Amino acid sequence: MFDPNAAEKARLAAAESRRFNVHTEGANHDGTIHVEGDLDLADALDLEAAIAQRAEELRQLGSIESLDVRRSIAAGDIARRCLGLDQATEDGSASGTTSVVKPRRVVIHVHLSAAAISRDEAGVAHVDETRSVISTDQVRDWCGNPDTEVVIKPIIDLDDHHHTDAYAIPDRMAEQLHLTQPSCAFPWCDRPSRRCDTDHVTAHDKSGSDGNAGPTCSCNLAPLCRRHHRAKTHTAWTYDKTDTATYLWRSPHGLHLVKHRGETRLVTAHPPGVTGSPRRR
């Protein structure tokens, strides 16, 4: 009333600070995460009404969980309903919506012994999107939900060597690489490998130290994010793949670093027997 300009600035600042964060990177071992945010009041009231309504529906359907647990389940149900809405016509324009509940999709890669995934022994699982560790009991609960679509991937031996004469990388070979190396192969880069380019360590159209062109095979592939792919291609950074999950890098200044399964360590500036500047590949 006495300073409308300041009041308007405060209102605009509050509107700009709205946020909604789902902290998937902080998943607990029991498979739960923290969600928090600052919403517009009207949006918050709508969200509260939707969650309360769905929680009550779950109770009427026979859920014996507490109200707090039903509300948390309701949030996921609402999300899947939104993801299942068909709002586009063939030409891409918006149209009427058809409410279809999109199933929760659980894709399982089994890397454990039969004993570890049985009900007789507790095991652990890694969530690919968040790189968090949860219990196999939690995965079992997800798969047991009637709204869940479970996909079991074919067995991939991470130590097998695959080869193709083509430049294009087959899906099975790319999947083996993602499972073996979870992040960009460049030192200290933690970008998930599924969001990276798949690089031929020795270029497919260039010769390696033995005079042969770089093959498309398990021992000559690495995940590199776009930035570090360009650094390897256009600068003096070079590297070799020493085993299925280890990469030896040489910097333009003579540093030698090892990246192994997401961890980076400095080896030495000039290893014994290595002289001169690194080769460009």
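The values are calculated or read from the model by the stated rules, or taken from the named source; none is laboratory data. The structure presented is a predicted model; accordingly, all values stated were derived computationally and were not measured. Note that each Cβ is placed from the backbone with ideal geometry, even for glycine, and that neighbours are counted across all protein chains shown.
Some observations on this one:
- Criterion violated by Val150 - all others in (1) at pLDDT 80 or above; (2) surrounded by 15 or more Cβ atoms within 10 Å (Cβ to Cβ); (3) within 20 Å of Lys259 (Cβ to Cβ) satisfied: (3)
- Condition check for Ala168: assigned to a loop (DSSP other than H, G, I, E, B), surrounded by fewer than 14 Cβ atoms within 10 Å (Cβ to Cβ) and either within 17 Å of the chain's Cα centre (by Cα) or not assigned by TED's automatic domain parsing to the domain that holds His29 (or both): yes
- Ser218 at pLDDT 85 or above, of a type outside the set (A, V, I, L, M) and touching a helix residue (DSSP H, G or I) at 6+ places or on another chain (Cβ under 9 Å): yes
- Some residue of region 183-201 being among the aliphatic types (A, V, I, L, M), assigned to a loop (DSSP other than H, G, I, E, B) and either modelled with pLDDT of 85 or more or over 19 Å from Ala245 (Cα atoms) (or both): yes
- Residue in region 172-184 that is more than 26 Å from Ile108 (Cα to Cα) and not assigned by TED's automatic domain parsing to the domain that holds Ser132 present: no
- Inspection of region 16-25 identifies no residue that is modelled with pLDDT under 90, among the small types (Gly, Ala, Ser), exposed (fewer than 11 other Cβ atoms within 10 Å of the Cβ) and part of a helix (DSSP H, G or I).
- Looking across region 240-281, the residues that are of a type in the set (D, E, K, R) and at pLDDT 85 or above come down to Asp240, Lys241, Asp243, Arg250, Lys259, Glu263, Arg265.
Listed here are the residues, each with its yes/no results for (1) farther than 23 Å from Thr148 by Cβ; (2) in contact with an Asp or Glu (Cβ under 8 Å, 6 or more places away or on another chain); (3) part of a helix (DSSP H, G or I).
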{"residue": "Asp43", "(1), (2), (3)": "yes, no, yes"}
{"residue": "Ala49", "(1), (2), (3)": "yes, no, yes"}
{"residue": "Arg54", "(1), (2), (3)": "no, yes, yes"}
{"residue": "Glu57", "(1), (2), (3)": "no, no, yes"}
{"residue": "Gly62", "(1), (2), (3)": "no, no, no"}
{"residue": "Glu65", "(1), (2), (3)": "no, no, no"}
{"residue": "Ser72", "(1), (2), (3)": "no, no, yes"}
{"residue": "Ile78", "(1), (2), (3)": "no, no, yes"}
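- For Ile155, the conditions (1) surrounded by 15 or more Cβ atoms within 10 Å (Cβ to Cβ); (2) under 23 Å from the mean Cα position of the chain (by Cα); (3) of a type in the set (A, V, I, L, M) are fulfilled apart from (1).
- Selection over region 216-264 of residues that are within 10 Å of Pro187 (Cβ to Cβ) and in a helix (DSSP H, G or I) gives a count of 1.
- Cβ-Cβ under 6 Å pairs, at least 6 apart or on other chains, region 1-28 side within 19 Å of Ser72 (Cβ to Cβ), far side of a type in the set (Gly, Ala, Ser): Phe20/Gly37; Asn21/Gly37; Ala27/Ser132
- Selection from region 246-259 of residues that are under 15 Å from Asp199 (Cα atoms) and buried (at least 18 other Cβ atoms within 10 Å of the Cβ): Tyr247, Trp249
- For region 143-165, the set of residues classified as within 30 Å of Asp77 (Cβ to Cβ) and in a strand (DSSP E or B) consists of Thr148, Glu149, Val150, Val151, Ile152, listed by residue number.
- Test for Ser63: is it of a type in the set (S, T, N, Q), modelled with pLDDT of 80 or more and farther than 26 Å from His126 by Cβ: yes
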